[in-house]
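*Asks:* Below are the C-alpha cells for one structure; questions will follow.
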Amino acid sequence: MDKNALINKNTANNGEPAVGKTFFPDVSLKELMAMPDVQEAVRRHVSVPNPVIPKKVRNPFKNGETGITTQKVESVSGTSLMDIVNVSFTLVGTEINPMDAINKPFRIVDYAFALDANMAGGKFNGYSAKGLKLLVTKIEEVKGGEQDGNQKNDNA
C-alpha cells in the first residue's frame with residue numbers, strides 16, 4: 001500500500017483524524033494500553049504463568065483519592081529449578097494475606113497489562129522499552145490436588 005493510500009484510509013478528507021480515532025502525535029500510550037480491545041490483542045500474544053507461588057507479599061495499600069486497594073507480590077512459577085521464572089505483579093481491587101500466602105500456589109484468574117513506568121526518586125522517567133506490568137484483578141488459591149501446570153492462562 002502506498003503512503004498516500006495509508007494516509008487517506010486513516011484520515012478524513014481535510015487531513016484530520018478519522019472519526020473515533022486520535023491523531024498519532026496526541027496518543028497517550030497509557031490510555032491506549034487500557035483500552036479493552038488492545039488488552040484483548042495483547043492477551044493473544046503474551047502468556048501469564050500459572051500457578052504462581054508468592055515469595056514476598058507487601059501489605060495492601062488503599063489509595064485515599066481513588067479508594068482502590070493495591071498490593072505488590074513477588075512470586076515464582078515453574079515445575080523445577082530448570083524452568084522456574086520470577087513473576088512480579090500487582091493485585092488491584094483484591095488482596096491476599098501477606099503471611100498466609102507465602103509458599104502457597106495461586107492461580108491468576110483475571111488480569112490486565114500496563115506499561116511499566118521507570119521511576120527514580122519518585123519521578124517519572126518514561127516507560128520501560130521491554131516488558132509489561134501485570135495487574136491481577138482476580139486470584140485464587142490452588143487447593144489440594146488441583147494443578148494447572150505451568151501453562152498459558154487463556155482467560156480473557
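The values are calculated or read from the model by the stated rules, or taken from the named source; none is laboratory data. Predicted model only: the values in this text are computed from it and were never measured. Heads up: the accessible areas ignore ligands, DNA and RNA and are worked out on the full protein's heavy atoms, side chains in. Shrake-Rupley method; radii C 1.70, N 1.55, O 1.52, S 1.80 Å.
*Asks:* In terms of modelled amide H atoms, which long-range or inter-chain residues lie less than 5 Å from the amide H of residue 48?
*Replies:* Amide H neighbours of residue 48, under 5 Å, 5+ apart: 153.
*Asks:* Could you pull out every residue, at least 5 positions away or on a different chain, whose amide H is within less than 5 Å of the one on residue 88? Hs are placed 1.01 Å off N in the peptide plane, and Pro or chain starts have none.
*Replies:* Correct list: 75.
*Asks:* Quick one: Debye curve from the C-alpha atoms of region 98-147, no solvent, what's log10 I(q)/I(0) at q = 0.17, 0.18, 0.31 Å⁻¹?
*Replies:* The Cα Debye sum returns log10 ratios of -0.72, -0.75, -1.10.
*Asks:* Ok, one more. State in Å² the accessible area per residue of region 23-138; use a 1.4 Å probe, count heavy atoms of protein chains only, and round to the nearest integer.
*Replies:* About 66 Å² of surface per residue is accessible.
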